[in-house]
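Below is one structure, written out as structure tokens; comments come after it.
The values are calculated or read from the model by the stated rules, or taken from the named source; none is laboratory data. Fair warning: this is a prediction, and the values are worked out from it, not measured in the lab. Every residue, glycine as well, gets a Cβ built from its backbone with ideal geometry; the counts of neighbours run over all protein chains shown. Protein only, heavy atoms only, side chains kept; ligands, DNA and RNA dropped before computing areas. Shrake-Rupley method; radii C 1.70, N 1.55, O 1.52, S 1.80 Å.
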Amino acid sequence: MREAGGVKRPWRLSLPLLLAALLLSACGRSVPEPPSAKEAPPAVDTAPETEAPEVPSDLPEGAVPLTAEEIAQVNEAFESVYIEENLAYANPICCFFTSDYHRPEEIGLSEFLRHFSPGEGISDEAEFQALTKADGWPFGEITLEEMPVPVSKFLRADVDEALTEHAGITTADLTGVNAGNTSLLYLEEYDAYYNFVSDFGPGWFQCESGWYTDAEARLTGSNRVLTLRKEDDRWLFASFLPLETE
């Protein structure tokens with residue numbers, strides 16, 4: 001975990017581990033045996049019932065629908081913002097909800113990095129001046145102190161680590177590097193990407209229903225469909241599409 005400008009921005013949640021825990025444990029659900037005649041009757045549960053999620057009508061063979069409790073756990077992991085020391089930070093997991101993709105190689109890197117956790121800051125004025133000479137630089141001749149918006153720097157190694165952990169790819173596999181409306185520059189000598197985002201609007205997805213098999217999980221909500229695929233002992237982002245596309 002690195003510091004950027006004195007502010008720590010950790011990868012707070014590990015989606016593969018969370019889904020492996022809640023989904024794979026659910027695979028072992030079984031109907032409890034009825035108590036014997038000698039056992040005392042169970043206590044009456046007076047807690048209000050949780051409304052059951054809608055069960056998809058076209059479940060694949062062997063698919064298990066998510067329970068309301070599991071959906072709540074998924075949505076907790078997908079919270080767009082978390083608070084630390086009275087400061088709001090974008091949940092880096094939500095970077096995977098910022099563009100449409102039929103497969104992870106189509107993720108738009110420009111939008112993906114809008115609120116990605118910065119690894120390092122601009123090292124010095126020489127680095128900034130090299131950035132001003134990059135193709136697509138939008139601010140003309142200017143110093144770092146004169147910048148009207150923040151400059152965020154993302155080491156390619158850090159981006160590759162996140163993409164590998166959660167999607168099984170690297171930036172070398174991407175076909176949508178500059179998809180989206182955000183300027184994204186790259187300096188080979190620093191092996192880093194840079195953008196200039198002054199607003200705050202992390203990706204967002206609210207799960208309403210879903211199912212899973214031993215190889216795939218499909219979550220629906222917010223008029224979107226999120227598909228995850230199982231690889232070994234982890235779950236990876238596979239696609240994120242409008243509901244009508246699916």
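Structural remarks
- Applying the set (1) over 13 Å from the mean Cα position of the chain (by Cα); (2) modelled with pLDDT of 90 or more to PHE97 leaves exactly one unmet item: (1).
- Against the list (1) in a loop (DSSP other than H, G, I, E, B); (2) of a type outside the set (A, V, I, L, M, F, W, C); (3) open to solvent by less than 40 Å² (accessible area, probe 1.4 Å), the condition TYR194 fails is (1).
- Check on ARG224, within 16 Å of the chain's Cα centre (by Cα) and either surrounded by fewer than 16 Cβ atoms within 10 Å (Cβ to Cβ) or at pLDDT 95 or above (or both): yes
- Residue within the stretch 54-68 that is free of Cβ contacts under 8 Å to residues at least 40 places away in the same chain, open to solvent by 40 Å² or more (accessible area, probe 1.4 Å) and small (Gly, Ala, Ser) present: yes
- Any chance ARG234 is open to solvent by 10 Å² or more (accessible area, probe 1.4 Å), without any contact (Cβ under 8 Å) to a residue 40 or more places away in the chain and within 15 Å of the chain's Cα centre (by Cα): no
- Set ARG218, ARG229: member being in contact with a Gly (Cβ under 7 Å, 6 or more places away or on another chain), assigned to a strand (DSSP E or B) and open to solvent by 30 Å² or more (accessible area, probe 1.4 Å): ARG218
- For the residues LEU59, LEU66, LEU18, the requirement of being touching a strand residue (DSSP E or B) at 6+ places or on another chain (Cβ under 9 Å), modelled with pLDDT under 55 and of a type in the set (A, V, I, L, M, F, W, C) singles out LEU18.
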